[in-house]
Amino acid sequence: MKRQTGGIVLQQLFNDLIKQEVKPFLAKHGFAKKSLNFSKTTEGLFYMFNFQKSSGNSAENVMFYVNCGIYAAELAQIQSKEILTAPQEAECHFRARIGEIAQAAPDRFAITPDTDRDELRKTLLGGLEEVIRFYDKMTRARSIVDYYISGPFLHLGEESFHLLLQSNDTAAANQYLKALQEKYGAENRWAIFENKYEAIFNKYGVEFNKL
């Protein structure tokens, strides 16, 4: 019974953390709460935080993740998808765990009987604040594309080339292509991506430089 009670107490600490600390903090920044999701909409962009409880929780350890996401209507149009007014985290075009953006925040938080609540609160709210500053710089679909180009990452590659070539930014498109070729060109799967990218370049009448 003691372990069960401990689990209930720790779960209540998590609930209190969300209700008493996270909700008012994010509300000040324009985020509305629905279940364990907090979201804010601007023209063409949807920003969100998703609090995901770990499936491995126990009576002595309540763990959770903070997932960050940005959805862009313009990228949904490029994907020929229906534009969503309330996308789920998995449907966002930009996705990251809080620790990928806020260096002081862990990828996974844990509440145990020994957890320092003030330290947990400070770390979590500090991480959320850093992500909000990051969100403030992500003001359009091109911001998301530029983030993945800087990797360079394959994620959103097709959408990125469409966006760049639609806006006649062939220099950025060629630079991104060259960076991808240098990073992934030796991999067997590269031929699949190369064919897709070449078709996009052809659609806009832009010369495609193969490896």
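Just so it is clear, none of the values below were taken in a lab; they were calculated from the coordinates. As the structure is a prediction and not an experimental result, all values here were calculated from the model. Using ideal geometry, Cβ is built from the backbone for each residue, glycine included, and neighbour counts are taken over all protein chains shown.
The trypsin sites (Lys or Arg not before Pro) found in the range 47-122 that occupy coil by DSSP, while having at most 15 further C-beta atoms within 10 Å, are LYS81.
Along the chain, the longest continuous region that contains none of the GluC sites (Glu not before Pro) in a DSSP loop with at most 16 other C-beta atoms within 10 Å is 83-186. A Förster radius of 30 Å combined with the Cβ-Cβ distance from LYS210 to ASP146 puts the calculated FRET efficiency at roughly 0.75.
Note on GLN88 and ARG189: the model spin-label points, each 7 Å out from Cα along the C-beta direction, lie 2.2 nm apart. A Förster distance of 22 Å, applied to the separation of the beta-carbon atoms of ASP118 and TYR65, puts the FRET efficiency at 0.55. Neighbours of TYR65, meaning other residues whose beta-carbon lies under 11 angstrom from its beta-carbon, give a summed charge of +1 when Lys and Arg score +1 and Asp and Glu score -1. Each of GLU198 and GLN77 was given a label point 7 Å from its Cα along the Cα-to-Cβ line. The distance between the two points is 3.0 nm.
Multiplying the residue separation of SER55 and ARG97 by 0.36 nm and subtracting their alpha-carbon distance yields 13.5 nm.
Taking 26 Å as the straight-line reach from the Cα of LYS40, the lysines in range (excluding those fewer than 8 positions away in the same chain) are LYS19, LYS23, LYS28, LYS53, LYS81, LYS122, LYS137.
Taken as Cα centroids, the range 190-211 and the range 53-80 sit 32 Å apart, rounded to the nearest whole angstrom.
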